[in-house]
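Student: Once you've had a glance at the structure underneath, I'll fire off some questions.
The values are calculated or read from the model by the stated rules, or taken from the named source; none is laboratory data. Values in this document were obtained by computation on a predicted structure and should not be read as measured data. Because the Cβ atoms are built from the backbone with ideal geometry, glycine has one as well, and the counts that use them run over all protein chains shown.
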Amino acid sequence: MPASRDSEAVLVLNFNYQPLNITSAQRAVSLICLGKAHALETDSRVFRSEHLHIKMPTVVRLDYYVRRPLPVLRVSRKSIFARDRHTCQYCGNTGVTLTLDHVIPKERKGKTCWENLVCCCTKCNNIKANRSPAEAGLKLINQPRRPKYIPYITYTRFVAAMQNPVWQPYLVPYGDGFPVLAEEEDDTLIRLKPAGLKPRHAHSLTT
């Protein structure tokens, strides 16, 4: 999501804490005022109206369970790039022109699926051509696989949302070990262990 929208975005959780949606702060405040949700996380901003002063929510949980059919997780260029963090899966380069590569070439009946597609820079793509990685002298950094997560939020938005430190505790349990980045006090980046992140207890927002 664009940075300009991050501060206005609110993570919506189902009654059972499953990530359900990402909505606007205005919509989230409306849900709270209608008694349909309560805030789990807020920030320093305050929403003010003639009859109401309320801390701006950043995570809300619905007060009722919403039943929705589980969407199909479809493979796409954007989803593969998001899964692979816009990083070439052969050389590890980022910030270069990227494309998709069939690990097993289509000419050899390689499928267009999560397990056979990777993000690849044009240099490695040209080196590999219609060969297997071993034949081209290349080695995959990560074995491609289908992401396992609750896909009510589109995969590309889920990947972006995972970088929000306030949302991480609520998303990590549904990201199947998805590695996330967080900032330490010295502004260096470290890898967080998903097992060490747990949602905090819900609390009602007082007005």
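Student: Hey, does the stretch 114-128 have a residue that's assigned to a loop (DSSP other than H, G, I, E, B) and of a type in the set (A, V, I, L, M, F, W, C)? Give the derivation first.
Tutor: Our first condition is that a residue be assigned to a loop (DSSP other than H, G, I, E, B); within the stretch 114-128, this holds for none.
No.
Student: Do we find that ASP84 is under 24 Å from PHE158 (Cα atoms) and more than 23 Å from the chain's Cα centre (by Cα) in this structure?
Tutor: Values: under 24 Å from PHE158 (Cα atoms): yes; more than 23 Å from the chain's Cα centre (by Cα): no.
When the stated conditions are applied, ASP84 does not pass them.
Student: To continue, here is another question. Taking the stretch 39-81 on its own, how many of its residues are of a type outside the set (S, T, N, Q) and within 20 Å of VAL166 (Cα to Cα)?
Tutor: Initially, the stretch 39-81 is screened for residues of a type outside the set (S, T, N, Q), giving 39-41, 43, 45-48, 50-57, 59-75, 77-78, 80-81.
Narrowing further to those that are within 20 Å of VAL166 (Cα to Cα): 39-41, 43, 45-47, 54-57, 59-62.
Residues in the stretch 39-81 being of a type outside the set (S, T, N, Q) and within 20 Å of VAL166 (Cα to Cα): 15 in total.
Student: From the list LEU34, LEU20, LEU62, pick out the single residue that is assigned by TED's automatic domain parsing to the domain that holds THR156, among the hydrophobic types (A, V, I, L, M, F, W, C) and surrounded by fewer than 13 Cβ atoms within 10 Å (Cβ to Cβ).
Tutor: On the way: LEU20 fails: surrounded by fewer than 13 Cβ atoms within 10 Å (Cβ to Cβ); LEU62 fails: surrounded by fewer than 13 Cβ atoms within 10 Å (Cβ to Cβ).
The conditions single out LEU34.
Residue-wise test of (1) surrounded by 14 or more Cβ atoms within 10 Å (Cβ to Cβ); (2) at pLDDT 95 or above.
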| residue | (1), (2) |
| --- | --- |
| VAL103 | yes, yes |
| CYS113 | no, yes |
| CYS121 | yes, yes |
| ALA136 | yes, yes |
| PRO144 | yes, yes |
| TYR152 | yes, no |
| THR156 | yes, no |
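Student: On to the next question. Kindly evaluate VAL96 against the criterion of being touching a residue at least 12 places away in the same chain (Cβ under 8 Å), farther than 30 Å from VAL10 by Cβ and in a loop (DSSP other than H, G, I, E, B). Quick ask: steps written out before the conclusion?
Tutor: Values: touching a residue at least 12 places away in the same chain (Cβ under 8 Å): yes; farther than 30 Å from VAL10 by Cβ: yes; in a loop (DSSP other than H, G, I, E, B): yes.
Spelling it out, VAL96 is indeed touching a residue at least 12 places away in the same chain (Cβ under 8 Å), farther than 30 Å from VAL10 by Cβ and in a loop (DSSP other than H, G, I, E, B).
Student: Any idea which of (1) among the β-branched types (Val, Ile, Thr); (2) over 20 Å from GLY92 (Cβ atoms); (3) in contact (Cβ under 8 Å) with a residue 12 or more places away in the chain is the one ILE141 doesn't satisfy?
Tutor: Single failed check for ILE141: (2).
Student: Checking CYS88 against (1) assigned to a loop (DSSP other than H, G, I, E, B); (2) hydrophobic (A, V, I, L, M, F, W, C); (3) surrounded by fewer than 18 Cβ atoms within 10 Å (Cβ to Cβ), only one condition comes out false. Which one?
Tutor: Of the numbered conditions (1) assigned to a loop (DSSP other than H, G, I, E, B); (2) hydrophobic (A, V, I, L, M, F, W, C); (3) surrounded by fewer than 18 Cβ atoms within 10 Å (Cβ to Cβ), the odd one out for CYS88 is (3).
Student: I've got another one for you. Select from the stretch 158-173 the residues that are buried (at least 16 other Cβ atoms within 10 Å of the Cβ), out of contact with any helix residue (DSSP H, G or I) (no Cβ under 6 Å at 6 or more places or on another chain) and part of a loop (DSSP other than H, G, I, E, B) and list them in ascending order.
Tutor: Residue satisfying the conditions is ASN164 alone.
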